[in-house]
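Worksheet for the structure shown next.
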Amino acid sequence: MKLKTCLLIGALTSAPFVSAEGLSWFDRNSPLTQTHKHLLNGDLKAMLASLVEVWQLEDNVTLKPHLNELLLQSLEVDCGKSLDSKTLPEWLNGVVVKRTEIQSPGRDAFRATVEVQTSLEIADISLMRWVDKSISSDNTLEIVRENNQSGIATYSKRYNINNKLAMGLYRLDIVTNDNASWSSWLILDDPKPNMTVRWASKDHWQVEQHTLLNPNCPLPKLNATLYDYVDETYNQVWSGNYESDYPTSLPNDNYTPGRYVLAVSMIHRRWQGKIIIEQAQIISKTYDVSVEE
């Protein structure tokens with residue numbers, strides 16, 4: 001009951017109550033009205049369907065923040081797991097959509113990645129913004145992991161993009177070499193990261209918490225990785241993953257003197273049904289180890 005009350009308050013405080021015609025949204029039977037009603041009634045699958053319809057019909061810049069707030073409020077129930085009941089086919093074991101912002105000295109880079117775990121060979125993975133807008137022509141499809149024992153392989157479609165992947169409606173399509181296919185609508189929010197990382201000094205970083213964590217979502221994951229650059233190839237020297245008690249520096253291990261690249265990331269995760277959606281912030285810089293160190 002407490003959770004439903006919170007959703008009610010959130011939806012009402014962000015709702016455009018009265019239109020230019022003098023009608024409140026309660027008096028209308030539009031997709032936006034249905035989105036509100038389904039959210040208030042706790043029917044998240046119907047809420048997502050109505051929200052998809054709103055994104056398809058509306059091209060109103062002022063409405064987009066409101067749609068974003070409705071999606072964020074729905075995540076307070078179970079972090080998006082109940083938004084979609086659509087199951088994955090037998091040949092598809094998992095789908096992860098990643099948005100990554102890479103911050104390095106003097107340059108920011110952005111990337112969108114779709115990773116799928118599958119037992120079949122993949123011909124193509126496509127993530128398109130409604131209506132039929134390509135994210136980027138700079139993209140690569142590759143196999144990143146193979147498991148000969150289980151027969152499961154991980155395919156990755158990576159898009160290099162010029163800016164953050166905008167919130168809104170997207171279409172995800174996966175096609176195998178033997179023409180089996182699976183597709184889904186995907187709504188990406190405008191994320192408000194609970195936690196971020198920044199450099200505090202030459203070899204220390206700082207974790208900053210901006211908002212309360214959603215208790216129904218996994219804790220943000222911090223990853224720190226040290227790379228050596230040899231023969232124009234980055235080789236991982238050390239890596240650590242943490243979901244609590246986040247460190248702020250590398251462990252006191254002895255590294256061979258030289259120049260390395262240190263990357264620290266903060267990853268937030270949610271769901272849209274069976275689809276995992278990740279938002280990652282990565283900070284990176286050169287890291288010099290001298291003989292004295």
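Under a point spin-label approximation (7 Å from Cα along Cα-to-Cβ), what is the THR233-ASP43 distance to one decimal in nm?
Between THR233 and ASP43, the label points sit 5.6 nm apart.
Compute the Cα gyration tensor for segment 195-289, then decide on rounded, prolate or oblate, letting a ≥ b ≥ c be the square roots of its eigenvalues: rounded whenever a/c is under 1.5, prolate when a/b is larger than b/c in the other cases, and oblate in all that remain.
On the way: a/c = 2.63, a/b = 1.77, b/c = 1.48.
The shape class here is prolate.
Report the gain in length on full extension from ASP203 to SER244: 0.36 nm times residue separation, minus Cα-Cα distance, nm rounded to one decimal.
12.7 nm
How far is the Cα center of segment 94-162 from the Cα center of segment 221-273, in Å?
The two parts, judged by their Cα centres, are 21 Å apart.
Angle between the Cα long axis of helix 64-78 and the longest principal axis of the chain, 0 to 90 degrees, nearest 10?
Around 80 degrees separate the two axes.
Near PRO65, within a Cβ-to-Cβ distance under 11 Å, what is the net charge of the other residues, with Lys and Arg +1 and Asp and Glu -1?
Net charge in that neighbourhood comes out at -2.
May I ask you to order 126-135, 61-70 by the average number of other C-beta atoms within 10 Å around their residues, highest value first? Walk me through the numbers before you get to the answer.
Values: 126-135: 14.0, 61-70: 15.7.
Result, highest mean first: 61-70, 126-135.
Whole-Hz ³J(HN,Hα) for each residue in segment 171-176, computed from phi via Karplus 6.51 cos²θ - 1.76 cosθ + 1.60 with θ = phi - 60°, x for glycine and proline: what do you get?
With the stated coefficients, segment 171-176 comes to 10, 10, 10, 10, 10, 8 Hz.
Can you list, largest first and rounded to whole Å, the semi-axes you get for the chain by taking the square root of 5 times each eigenvalue of its Cα gyration tensor?
The answer is 38, 25, 17 Å, longest axis first.
What are the ³J(HN,Hα) couplings of segment 149-161, residue after residue, when phi is run through the Karplus curve with 6.51, -1.76, 1.60 and θ = phi - 60°? Round to Hz, x for glycine and proline.
Using θ = phi - 60°, the values come out as 6, 8, x, 9, 10, 10, 9, 10, 10, 10, 10, 8, 10 Hz.
Treating only the Cβ of Lys, Arg, Asp and Glu as charged (+1, +1, -1, -1), what charge dipole size does segment 105-144 show about its Cα centre? Round to the nearest 20 debye.
The dipole magnitude comes to about 240 debye.
May I ask for the angle, rounded to the nearest 10°, between helix 31-40 and the longest principal axis of the chain, with both axes built from Cα atoms and the value confined to 0 to 90°?
80 degrees
To the nearest 20 debye, what is the magnitude of the charge dipole of the chain about its Cα centre, counting +1 on the Cβ of each Lys and Arg and -1 on the Cβ of each Asp and Glu?
Working: 28 positive and 36 negative charges, 157 e Å.
Once rounded to the nearest 20, the dipole reads 760 debye.
Determine the sum of side-chain charges near PHE110: Lys and Arg each +1, Asp and Glu each -1, restricted to other residues whose C-beta is under 12 angstrom from that of PHE110.
+3
Straight distance only, please: which lysines reach the Cα of LYS64 with their own Cα at less than 23 Å, same-chain residues fewer than 8 apart left out?
Cα-Cα hits under 23 Å: LYS37, LYS45, LYS81, LYS98, LYS133, LYS164, LYS192.
Based on the mean of other beta carbon atoms within 10 Å per residue, what is the order of 99-109, 75-85, most packed first? Don't skip to the answer; put the middle values down first.
Working: 99-109: 13.5, 75-85: 18.6.
Ranked by mean Cβ neighbours within 10 Å, highest first: 75-85, 99-109.
None of the figures in this text is laboratory data; all of them are computed from the coordinates on show. Since we're looking at a predicted model, the values are computed, not measured. Using ideal geometry, Cβ is built from the backbone for each residue, glycine included, and neighbour counts are taken over all protein chains shown.
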